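Have a look at the structure below, then the notes.
The values are calculated or read from the model by the stated rules, or taken from the named source; none is laboratory data. Just so it is clear, the model here is predicted, and its values are computed rather than measured. Here the Cβ positions follow ideal geometry from the backbone for every residue, glycine too, while neighbour counts run over all protein chains shown.
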Amino acid sequence: MPADYRVESILVADCGSTMTKSAVVDLVEGQYRLVTQVEVPSTVEAPWEDVSQGVEHAVAQIERASGRILFDEQGLLITPERAGGQGVDAFVITTSAVPPLRIVLAGLVQGLSLASARRAARSIYADVVEVIALDDVTERRSEEERVRLIQQARPDVICIVGGTDGGATTALADLARVVTLACSLLEEEKRPVVIFAGNADMRLEVAQIIGEEAHLKVVDNVRPTLDVENLSPLREEIETIHRERKMAGLPGLAVLNAWNPQAIMTTAQAQSRVIEYLARKYGPQKGVLGVDIGGATTVVTVQLDGLTQQIIRTDLGTSYSVERVLDQVEMDDILRWVPFSIEEGEARNLLLNKSLRPTTLPATHETLLLEQALAREALRLALTEARETWPVGQASPYPHLSPMFEPIVGSGGVLSCAPRPGQAALILLDAIQPIGVSTLVLDRRGFVAAMGAMASVNPLAAVQAASLGGLVNLGTVIAPVGQGREGEIALRLKVEELHLEMDVPYGSLEVYRLPASEPLTLQVRPQRHFDVGWGPGRGRKIQFSGGSVGLIIDARGRPLTLPPDRDRRQAKVQEWLWGMGA
């Protein structure tokens, strides 16, 4: 391709565990636009077990819908675009359908080195299937029991951590012997990679203990000192193994690699790029948050104080991972978000049906609300873990609450397929509980990952296509922090251009559907007990856009507390749904 060649038309595809999305972005009247998009069931599972078939089905639908020829006579993608308009200049692909790595963590102290190793693993498509902690006196496992646990876990990776540099040695040597014995009892082709990320002084001894029984990788200590955490080397090694052992073996990937000379990105990697771009666009005063609630995986990406962090929970999803969510959440916590009474057993069965038929839509309004309630709890679990490592800076005036974010981007089928935008907004509000002033943005077309991948071939196309139809502004949220009596005025607001004044009582969730075409000026005057990000009782004028939902005033309190009485709680939840137009 000539050095001065400009990529104008781009075919993008995102292969999820449930659905495969594909789209064409092209230059139209001087601007890049999302011109055609389709969504089809993914083909990563039986009976197809070939991810490329889902992409081919999607591209064939694009051809029928647009009349544009994308394949040649041999069934290969035409690149670059021909003079007659056939084909595209580039093809980019992301996927979240790659099976996660199965990881066993083995270490000395649960709250230190093992906690650090878990955080490193959570930033990759990995599933921590077993943890062996020598300080866990409640279990008192024998060496034989630990060996059996490793064998039963069938890990792809065993990560040994523990000891500060120059610290513990004997216990680490004992742990390495347990791991070595477990590996020696496995068939050679099924033996895991062993990563040592502990006391640097023990590297040679650990290598001698493991010998030829397993493939050993050595990286820097995750806890070189008690107060220093060093996750990057371990994270990068796990990511390399995931790419080599899992992504490379994804059925049908070789076909897609022939279409695309660039490395295929994971959906989470592509989303991280978008969050970093938004952080540069909006500035450092607040953080940027992206959440993706998928069928098998929930991803939380945050940019705070110049640092991007991501947590990938492969055990939290709204279809394939339903049973694993239910193992971690009390059914009462799910049912608190629905405005009707239902037996726990019946609710559980309805939710488990989704894991059996992942691509089906809810058959009733009640089932829809149940699935959305499950999504709140899955996202809450992911956020709770993610918050453990978020830095406390100017965006976090209240460390026990959510930081201030601008914007908040929501992705995933449960959000994008919500029948009404107010339902998607309410899921985000209930799970994240934002504070201050922020904007809710919905990835209505599943476009965020594609935007991140497109940036590698044409950054301008990624930005323009996202702003011209890829992302939807749900509205501006104002969420005061403070306590008051229910019904007491928490905020006074005035929209200057409309001469509209509003008093918002504490405990309420108010939505004002205002014109979304032009920015409006809003005077925000919190009462003295309430803070919207500028200090208690301090007001300000802001510019905002109405969005598809409107101006949302969430004065329900932080942290959000639901009434303990079931009837009152259900009435409140129904009131919030009606208020959000849901």
Taking the stretch 300-319 as the search range and keeping residues that are buried (at least 20 other Cβ atoms within 10 Å of the Cβ) and in contact with a Gly (Cβ under 8 Å, 6 or more places away or on another chain), which one is nearest to residue 18 (Cα to Cα)?
-> 319
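Mind counting the residues in the stretch 93-103 that are at pLDDT 90 or above and either of a type in the set (Ser, Thr, Tyr) or assigned to a strand (DSSP E or B) (or both)?
First pass over the stretch 93-103, keeping only residues at pLDDT 90 or above: 100-103.
If we keep only those that are either of a type in the set (Ser, Thr, Tyr) or assigned to a strand (DSSP E or B) (or both) too, we end up with 101-103.
Count: 3.
Counting just the residues of the stretch 86-103 that are under 30 Å from residue 146 (Cα atoms) and β-branched (Val, Ile, Thr), which one comes out surrounded by the fewest Cβ atoms within 10 Å (Cβ to Cβ)?
Going through the stretch 86-103, the residues under 30 Å from residue 146 (Cα atoms) turn out to be 98-103.
Then drop every residue that is not β-branched (Val, Ile, Thr), which leaves 98, 103.
Values: 98: 23, 103: 29.
This residue is 98.
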Per the filter on the stretch 235-265, residues of a type in the set (Ser, Thr, Tyr) and in contact with a Lys or Arg (Cβ under 6 Å, 6 or more places away or on another chain) are none
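When you scan the stretch 412-441, how many residues do you find that are among the small types (Gly, Ala, Ser), part of a helix (DSSP H, G or I) and in contact with a Pro (Cβ under 9 Å, 6 or more places away or on another chain)?
In the first step, residues of the stretch 412-441 are kept if they are among the small types (Gly, Ala, Ser); the result is 412-413, 416, 418, 422, 424-425, 431, 436, 438.
With part of a helix (DSSP H, G or I) added as a condition, the list becomes 413, 416, 422, 424-425, 431.
From what's left, in contact with a Pro (Cβ under 9 Å, 6 or more places away or on another chain): none.
Summing the residues that are among the small types (Gly, Ala, Ser), part of a helix (DSSP H, G or I) and in contact with a Pro (Cβ under 9 Å, 6 or more places away or on another chain) in the stretch 412-441 gives 0.
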For the stretch 187-229, what are the residues that are under 23 Å from residue 110 (Cα atoms) and without any contact (Cβ under 8 Å) to a residue 12 or more places away in the chain?
-> 227, 228
Any hit, the stretch 279-302, residues being modelled with pLDDT under 95, more than 25 Å from residue 122 (Cα to Cα) and hydroxyl-bearing (Ser, Thr, Tyr) | yes
How do the pairs read when you match residues in the stretch 326-352 that are free of Cβ contacts under 8 Å to residues at least 12 places away in the same chain and under 24 Å from residue 582 (Cβ atoms) with residues anywhere that are part of a loop (DSSP other than H, G, I, E, B) and not charged (D, E, K, R), using Cβ under 6 Å and keeping only pairs 6 or more apart or on different chains?
-> none
Residues (in contact with a strand residue (DSSP E or B) (Cβ under 9 Å, 6 or more places away or on another chain) and polar (S, T, N, Q)) located in the stretch 54-82 = 61, 66, 79
Please determine, by comparing only the residues of the stretch 418-440 that are surrounded by fewer than 23 Cβ atoms within 10 Å (Cβ to Cβ) and of a type in the set (Val, Ile, Thr), which one is farthest from residue 465 (Cα to Cα).
-> 437
Hits in the stretch 447-494 - residues which are of a type in the set (A, V, I, L, M, F, W, C), closer than 15 Å to residue 265 by Cβ and in contact with a Lys or Arg (Cβ under 7 Å, 6 or more places away or on another chain) = 455
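Kindly indicate which of 135, 89 is under 27 Å from residue 445 (Cα atoms) and either of a type outside the set (Phe, Trp, Tyr) or without any contact (Cβ under 8 Å) to a residue 24 or more places away in the chain (or both).
Values: 135 fails: under 27 Å from residue 445 (Cα atoms).
Matching residue, one of 135, 89: 89.
Here is a list: 106, 115, 65, 83. Which entry is among the small types (Gly, Ala, Ser), surrounded by fewer than 23 Cβ atoms within 10 Å (Cβ to Cβ), at pLDDT 90 or above and farther than 22 Å from residue 251 by Cβ?
Working: 106 fails: surrounded by fewer than 23 Cβ atoms within 10 Å (Cβ to Cβ); 65 fails: at pLDDT 90 or above; 83 fails: at pLDDT 90 or above.
Of the residues listed, the single one that is among the small types (Gly, Ala, Ser), surrounded by fewer than 23 Cβ atoms within 10 Å (Cβ to Cβ), at pLDDT 90 or above and farther than 22 Å from residue 251 by Cβ is 115.
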Could you please find all residues in the stretch 1-41 being in contact (Cβ under 8 Å) with a residue 60 or more places away in the chain and under 24 Å from residue 100 (Cα atoms)?
-> 12, 13, 14, 15, 16, 17, 18, 19, 21, 39, 41
Total residues in the stretch 241-282, condition within 20 Å of the chain's Cα centre (by Cα) and among the polar types (S, T, N, Q) = 5
